[in-house]
Structures are given as C-alpha cells and as structure tokens.
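Q: Attaching a single structure in structure tokens format; questions to follow.
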Amino acid sequence: ACRTRPRGGLAAADLMARRAAPLLDAGRPCGYEANVAKHMAAEAAWHAADTCMQTYGGFGVAREYDVERVWREVRHMRTAPISTNLILAYIGQNVLGMPRSY
C-alpha cells in the first residue's frame, strides 16, 4: 500500500479542499466544500491525536514527548476559527434547507 496518500477522513478532507479551491479561485460559492473540508480535517486530526494520547497513556502529558502539546493544538482546530457546531449549522441551513438554529 502507498503510504504517501492520506487515508480515511483525511483523504476525504483533502478531496473536499481540492474541490473548494478552484471554486474559491473562480469566485463561486464554496461554503459547503470548505466547511466540510475543515470539519473532516479537524476530526481526522483529533482522532489521530486522541489515539496517540491513549497510546502514550500517562507519558502523553510528559513534556519531552510533545504529545500533550499536539493534542491541545489539534483540539483547538475543532473550535477555531469556526466551531464544529457552526459548521454543522451552516450545512443544515444552507445545504439541507433546515431552519436557522442559532
């Protein structure tokens, strides 16, 4: 298997980002693609960081391993600059036609 290609959620995030970029460059709406790319990338990174923290156990918070630092930074991806809940609300309202929830 080729180890240079992203896998799972990261691959899906990469594809959505590559779909959003030309739309943005062309001045066309790309909110759905960009929001899904950010959401999927943040979730994939969180899953990897959380698995790493679980694997390291108590050593995950030891400064010499940098696991806690990466875990904290990846957690930040799920809240800034836009949170997961706002992404889901955008998709619900603008893609699925649901009423505004915020």
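The values are calculated or read from the model by the stated rules, or taken from the named source; none is laboratory data. Since this is a predicted model, take the numbers as computed values, not measurements. Counting neighbours? That spans all protein chains shown, and the Cβs are built from the backbone with ideal geometry, glycine included. These accessible areas exclude ligands, DNA and RNA; they are computed on the full protein's heavy atoms, side chains included. Shrake-Rupley method; radii C 1.70, N 1.55, O 1.52, S 1.80 Å.
Q: Looking at His47, His76, which one is under 18 Å from Asp14 (Cβ atoms) and of a type outside the set (A, V, I, L, M)? Steps first, answer last, please.
A: Working: His76 fails: under 18 Å from Asp14 (Cβ atoms).
After applying the criteria, what remains is His47.
Q: List the residue pairs whose Cβ atoms are under 8 Å apart, where the first residue sits in the range 9-30 and is within 14 Å of Ala42 (Cα to Cα), the second is part of a loop (DSSP other than H, G, I, E, B) and open to solvent by less than 70 Å² (accessible area, probe 1.4 Å), and the two are 6 or more positions apart or on different chains.
A: Close Cβ pairs satisfying both conditions: Ala13/Pro6; Asp14/Pro6.
Q: Still on this model: Look at the range 26-49 and say how many of its residues are within 18 Å of Leu86 (Cβ to Cβ), out of contact with any Phe, Trp or Tyr (no Cβ under 6 Å at 6 or more places or on another chain) and not hydrophobic (A, V, I, L, M, F, W, C).
A: Qualifying residue count for the region: 7.
Q: Right, next: Could you tell me whether Met98 is in contact with a Gly (Cβ under 7 Å, 6 or more places away or on another chain), over 18 Å from Gly9 (Cα atoms) and open to solvent by 70 Å² or more (accessible area, probe 1.4 Å)? Even if it seems obvious, please write down each step before you answer.
A: Numbers: in contact with a Gly (Cβ under 7 Å, 6 or more places away or on another chain): yes; over 18 Å from Gly9 (Cα atoms): yes; open to solvent by 70 Å² or more (accessible area, probe 1.4 Å): yes.
Considered against the rule, which asks whether it is in contact with a Gly (Cβ under 7 Å, 6 or more places away or on another chain), over 18 Å from Gly9 (Cα atoms) and open to solvent by 70 Å² or more (accessible area, probe 1.4 Å), Met98 comes out as yes.
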